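My structure is below; once you've seen it, I'll send some questions.
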Amino acid sequence: MIELRSDTFTQPTDEMIQAIVEAYHQGRLGDDVAGEDEVVNELQEKAARALGKEAALLVTSGTQGNVVSLLSQTRRGDEVVVERRSHTFLFEAGAMASLGGLFPKPVDGVRGYILPETLERAISPDNPHYARTAMVVVENTHNYAGGTIIRPDQVDALARVAHDHGLIVHCDGARLFNAAVALGLPASRLVREVDSVQICFSKGLSAPVGSVVAGTREFIHEALRTRKKLGGGMRQAGIIAAPCIVALEKMVDRLKEDHENARLLYSRLAEIEGLLVDEPETNIVFIQLDNFNITAPEFAARLRERGVLVYGEYGSRIRFVLNRMVSRDDVLYTADVISEVLSAAGRR
Ligand code: TLP
């Protein structure tokens, strides 16, 4: 099967599994709640350095990283400005509200980017009628806008407005390295002006589990307590951290291949008359089926019969996420299958 549902489906590499076994044999695993897992400590130091932050903390998932970051830097009843199609707003089971007592204030972005003037308008006046606007979240790359890149000058401009108004800036960098590689910049440059950042090792970077949050030592001190409250304090967590170190050191550069494959898929799909295809900036390609006589669930079912997996439950849009398990030949085959399925369905 050709797996295009998400880059979260990537399997670990042999080197990652080796790294777990070696960590165990070298006696480097320990109780991480006591701070004694050497592999976790190594990962946290390396991730903090890669992100240009004072400290980092291993968390179980991207969602936990975002929730830990939000809850550690706000008070109950605070308002958080989020892009309308962001993961923190749509896909975290309402955690910021249910667990943090936070009030999400969704605003429209442009290709996922919250314009500084949009943020400025969204900040509530310091008046007892309003919740205190405490934070803004930047998602980079922005998943639902199509893996779009928020450039460093854009992040900086947004952060400037946020900081001028006393807001904290959090970056949901689940796919931050995709943006960094595409721009040819170190990831640290993309988060220079943000207060906290969450990155995932379990997406295109292919680790089986794990994310980190990074920021100041003070933030990480608070994040440790929040992670504990969420049940995220883990014991011999080096078995999670070891593959994450391989992901950080060995898997970043190859994301370029996923980006090339995304462009190849785009160029083939753009040839299909009537099909609306978003031009990819990284590893995500979205199409819209509006002009064809087929629903998204039917489309996903037809593709599955031919060995191609996509999610079919997001309205008339279909997302293809290029990843290490998908080769150039798989992309060419997928484009042919899509062309045939759409031609059989016919135009609306
Ligand atoms: N996204 C998943 C789904 O939940 C949509 C995917 O397949 O893309 N931030 C962003 C921008 C994400 O895309 C995701 C995962 C997360 C955070 C959450 O990461 P996990 O799944 O590790 O909790």
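The values are calculated or read from the model by the stated rules, or taken from the named source; none is laboratory data. Predicted model, so just to flag it, every value in this text is computed and none were measured. A quick note on method: Cβ atoms are made from the backbone with ideal geometry, for glycine too, and the neighbour counts reach across all protein chains shown. Quick note on the areas: whole protein, heavy atoms, side chains included, nothing else; ligands and nucleic acids left out. Shrake-Rupley method; radii C 1.70, N 1.55, O 1.52, S 1.80 Å.
Using a Förster distance of 45 Å, how high is the FRET efficiency between TYR24 and ASP156, based on the Cβ-Cβ distance and rounded to 0.05? Walk me through the intermediate numbers first.
Numbers: r = 43 Å, r/R0 = 0.95.
For R0 = 45 Å, the calculated efficiency reads 0.55.
Label ARG84 and ARG317 with points 7 Å out from Cα along Cα→Cβ: what is the distance between them in nm?
Between ARG84 and ARG317, the label points sit 1.1 nm apart.
Mean residue ellipticity at 222 nm from the helices of the chain, using -39,500 (n - 2.57) per DSSP H segment of n ≥ 4 over the full residue count, to the nearest 500 deg cm²/dmol? Present the calculation step by step, with values, prior to reporting the outcome.
On the way: 14 runs with 146 residues, N = 348.
One gets -12500 deg cm²/dmol as the mean residue ellipticity at 222 nm.
Continuing with this model, one more query. State the percentage of accessible surface on the chain attributable to carbon and sulfur atoms; use a 1.4 Å probe and exclude ligands, DNA and RNA. Write out the running numbers ahead of the final one.
Working: 7240 of 14960 Å².
Here it works out to 48 percent.
Calculate, for the chain, the solvent-accessible area per residue in square angstrom, rolling a 1.4 angstrom probe over the heavy atoms of the protein chains.
Dividing the accessible area of the chain by its residue count gives 43 Å².
Starting from 0.36 nm per residue, how many nanometres of slack lie between ARG347 and ARG111 once their C-alpha separation is accounted for? All intermediate terms of the calculation are to be shown ahead of the outcome.
On the way: separation 236, 0.36 × 236 = 84.96 nm, distance 2.76 nm.
Length difference between fully extended and current span is 82.2 nm.
By what distance, in whole Å, do the Cα atoms of the stretch 8-249 stretch along each of the three principal axes, largest value first?
Projected onto its principal axes, the Cα set of the stretch 8-249 covers 59, 36, 29 Å.
What FRET efficiency do you get for GLU298 and ASP329 if R0 is 30 Å and r is their Cβ-Cβ distance, rounded to the nearest 0.05? Intermediate values should be presented prior to the final figure.
Values: r = 26 Å, r/R0 = 0.87.
So the FRET efficiency works out to roughly 0.70.
Roughly how big is the chain's charge dipole about its Cα centre, with Cβ charges of +1 (Lys, Arg) and -1 (Asp, Glu), in debye to the nearest 20? Write out the running numbers ahead of the final one.
Details: 39 positive and 48 negative charges, 106 e Å.
The calculated dipole for the chain is roughly 520 debye.
In nm, to one decimal, how far is the ASP126 label point from the ARG75 one, both placed 7 Å along Cα→Cβ?
1.3
Also, quick follow-up: Quick one: what are the phi-derived ³J(HN,Hα) couplings along the stretch 238-249, Karplus 6.51/-1.76/1.60 with θ = phi - 60°, whole Hz, x for glycine and proline?
So the J values, rounded to whole Hz, are x, 5, 8, 5, 4, x, 5, 5, 4, 4, 5, 8.
Then there's this: Name the residues of the stretch 313-348 whose amide N is less than 14 Å from a point 7 angstrom out from the Cα of SER267 along the C-beta direction?
The answer is 328-329, 331-332, whose backbone nitrogens lie closer than 14 Å to the label point.
So for the stretch 93-189, averaging the separation of alpha carbon pairs under 8 Å that are six or more residues apart and normalising by length, what relative contact order in percent results?
Details: 108 pairs, mean separation 24.7, N = 97.
It rounds to 25 percent for the stretch 93-189.
Sort out for me the Cα centre separation of the stretch 152-208 from the stretch 253-281, rounded to whole Å.
Using only Cα atoms to place each centre, the spacing works out to 24 Å.
Given points 7 Å out from each Cα along the Cα-Cβ axis, report the ASP14 to GLU249 separation in nanometres with one decimal.
With each label point 7 Å from Cα toward Cβ, the separation is 1.8 nm.
Which residue, ALA122, MET325, LEU43, has the largest displacement toward the positive end of the dipole of the chain when charges sit on each Cβ (Lys, Arg +1; Asp, Glu -1)?
Going by the Cα projections, it comes out as ALA122.
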